[in-house]
Amino acid sequence: MQIKKFFIILLVSLLMFGEVTQAQKIPTSDTLKQGIYNISPEHKGYYRNIKLTTPDKPVTITLLNSKGAQILFAILSNENDYIKFGPIEIGETLIITGDGEISVIH
């Protein structure tokens, strides 16, 4: 009887004083080719890492804000180069030109 009472008190105290946590979103990676990509508003406030995945095929990256103003212009020509940009705002557009491919980790 005492064991049952102990478990009930333990359960009640855990529910009363326990802290509910939310799981963090798992980073995902996308491989993108030449094109124009709208950045999803669900990533607002996060940072992204961009890395060249194809050797000897340079890529030009342009990032525009919601008003069309240029935020970032970069040329990736080496596999070891990477760019971290952010925080992401709603309405940003990523433009990729060139023959290579990039990996975007967000």
task = For residues that are surrounded by fewer than 16 Cβ atoms within 10 Å (Cβ to Cβ), aliphatic (A, V, I, L, M) and more than 13 Å from ILE50 (Cα to Cα), tally how many sit in region 74-106.
result = 1
query = Do any strands (runs of 3 or more DSSP E) entirely within region 1-60 hold 2 or more residues that are surrounded by fewer than 12 Cβ atoms within 10 Å (Cβ to Cβ), modelled with pLDDT under 85 and among the hydrophobic types (A, V, I, L, M, F, W, C), and if so, which?
reply = none
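Given the structure, is ASN38 out of contact with any Asp or Glu (no Cβ under 9 Å at 6 or more places or on another chain) and in contact (Cβ under 8 Å) with a residue 40 or more places away in the chain? Explain how you work it out, then say what you get.
Details: out of contact with any Asp or Glu (no Cβ under 9 Å at 6 or more places or on another chain): no; in contact (Cβ under 8 Å) with a residue 40 or more places away in the chain: yes.
Against the criterion (out of contact with any Asp or Glu (no Cβ under 9 Å at 6 or more places or on another chain) and in contact (Cβ under 8 Å) with a residue 40 or more places away in the chain), ASN38 does not qualify.
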ask   = Do the conditions hold for ILE75, that is, is it at pLDDT 80 or above, aliphatic (A, V, I, L, M), part of a strand (DSSP E or B) and under 20 Å from the mean Cα position of the chain (by Cα)?
value = no
request  = Starting from region 49-76, keep only residues that are closer than 12 Å to ILE96 by Cα and without any contact (Cβ under 8 Å) to a residue 40 or more places away in the chain, then list their pairs with residues that are surrounded by 13 or more Cβ atoms within 10 Å (Cβ to Cβ) and among the polar types (S, T, N, Q) whose Cβ atoms are within a distance under 6 Å, requiring at least 6 positions of separation or different chains.
outcome  = THR60/THR97; LEU64/THR93; PHE73/THR62; ILE75/THR60
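The values are calculated or read from the model by the stated rules, or taken from the named source; none is laboratory data. Note that this is a predicted model, so its numbers are computed, not measured. Cβ coordinates were reconstructed from backbone atoms using ideal geometry, including for glycine residues, and neighbour counts include every protein chain displayed.
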